[in-house]
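These notes concern the structure reproduced below.
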Amino acid sequence: MNGFEALIGSAPAFEALIRSTQMVAATDVTALITGETGTGKELMAQAIHVESHRSDRVFTPINCAALPEDLAESELFGHRRGAFSGATHDHLGRLRASEGGTVFLDEVNELSPAIQAKLLRFLESGECQSVGETYTHHCNVRIIAATNCDLHQWVEERRFRRDLYYRLHVVPLSIPPLRERKEDIPLLLEHFSSTFSQQYKLASPQFSKAALSILNSYYWPGNIRELRNLCERIVVLLPGKMIEPQNLPFEIQGKDFSVTTTEAPIITLPENGLALDQVEIELIHQAITRAQGNRSKAARLLGISRDTLCYRMQKHAIDT
């Protein structure tokens with residue numbers, strides 16, 4: 001199985017993303033993966049590594065938010081014995097320990113300004129200086145970074161270095177949230193149900209049309225991770241059963257879908273229908289105009305990330 005077979009989906013936007021990711025994997029270019037929590041950023045980084053010429057070397061995932069602030073530099077770049085209190089031995093650091101491989105920096109926005117500066121130097125020259133040493137080592141490591149925030153907005157707010165942002169943002173890969181690729185929900189349900197059925201040696205459940213309708217209507221704030229957890233729960237608790245709406249968790253059932261809402265819809269579908277792409281194009285134009293050309297602000301008006309907005313503008317050839 002190749003690395004990309006783990007990325008399940010046939011939605012047009014997702015397939016376009018996979019094609020871009022395959023091209024990225026064939027090179028050593030630095031990539032920045034963006035997407036909401038639970039969309040599969042680490043899985044995508046792993047796929048890039050597996051399909052790259054570095055696949056026989058180590059893949060090192062690092063959660064930057066979990067690095068202790070006072071030890072982050074040592075963890076990434078290493079330290080020399082005696083460099084600080086508690087440094088009882090030399091420490092190579094995760095970057096040098098990953099020589100020839102790939103380092104995945106998840107939640108890269110959480111790095112302190114000092115570490116950002118040192119990471120920028122590493123990206124530009126490959127130089128890695130351990131804490132307490134006066135000389136540098138050259139390290140051959142590919143960096144893939146990821147974030148669930150609007151990193152461009154962080155730059156504008158001076159919360160993230162502009163030069164580092166552009167060094168990481170060589171190739172942006174924006175993973176759409178599950179609610180924007182709902183045609184993939186049946187595929188993902190089948191995949192995860194089958195996976196957990198084999199893992200636990202239980203019969204795989206089936207989903208009724210009514211249950212699928214509710215799952216398609218759900219907002220999925222936890223994205224694919226939430227759907228994966230749902231499948232594991234259902235396989236364990238209801239093996240081999242036909243899943244009906246009442247078998248779904250309360251938060252997914254939400255309201256009674258059999259009751260017609262009296263709230264006025266935000267958009268009314270004309271009797272003769274409409275072209276959905278044209279509606280999206282018009283809304284993007286309106287948001288850009290209202291935001292006076294500021295894409296970050298326009299993205300917030302539309303309830304999407306800046307990278308998603310840029311992707312959709314490119315998709316529709318919108319140039320402002």
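Taking first residues from the range 12-31 that are touching a residue at least 12 places away in the same chain (Cβ under 8 Å) and partners that are of a type in the set (Gly, Ala, Ser), the Cβ contacts under 6 Å between residues at least 6 apart in sequence or on separate chains come to Val24/Ala31; Ala25/Ser52. Evaluating Cys139 against the criteria (1) surrounded by 18 or more Cβ atoms within 10 Å (Cβ to Cβ); (2) more than 19 Å from Ile18 (Cα to Cα); (3) touching a residue at least 60 places away in the same chain (Cβ under 8 Å) leaves one unmet condition, (3). Scanning the range 12-50 for residues that are of a type in the set (Val, Ile, Thr) and either over 8 Å from the mean Cα position of the chain (by Cα) or buried (at least 18 other Cβ atoms within 10 Å of the Cβ) (or both) returns Ile18, Thr21, Val24, Thr27, Val29, Thr30, Ile33, Thr34, Thr39, Ile48, Val50. Of all residues in the range 107-122, those that are part of a loop (DSSP other than H, G, I, E, B) and either β-branched (Val, Ile, Thr) or out of contact with any helix residue (DSSP H, G or I) (no Cβ under 8 Å at 6 or more places or on another chain) (or both) total 0. The criterion of at least 2 residues that are touching a residue at least 40 places away in the same chain (Cβ under 8 Å) is met by the following helices (runs of 4 or more DSSP H) wholly inside the range 269-320: 295-302, 306-315.
Bear in mind that the values in this text are calculations on the coordinates, not laboratory data. Just so you know, these numbers come straight off a predicted model, no measurement behind them. We place every Cβ from the backbone using ideal geometry, glycine too, and count neighbours over all the protein chains shown.
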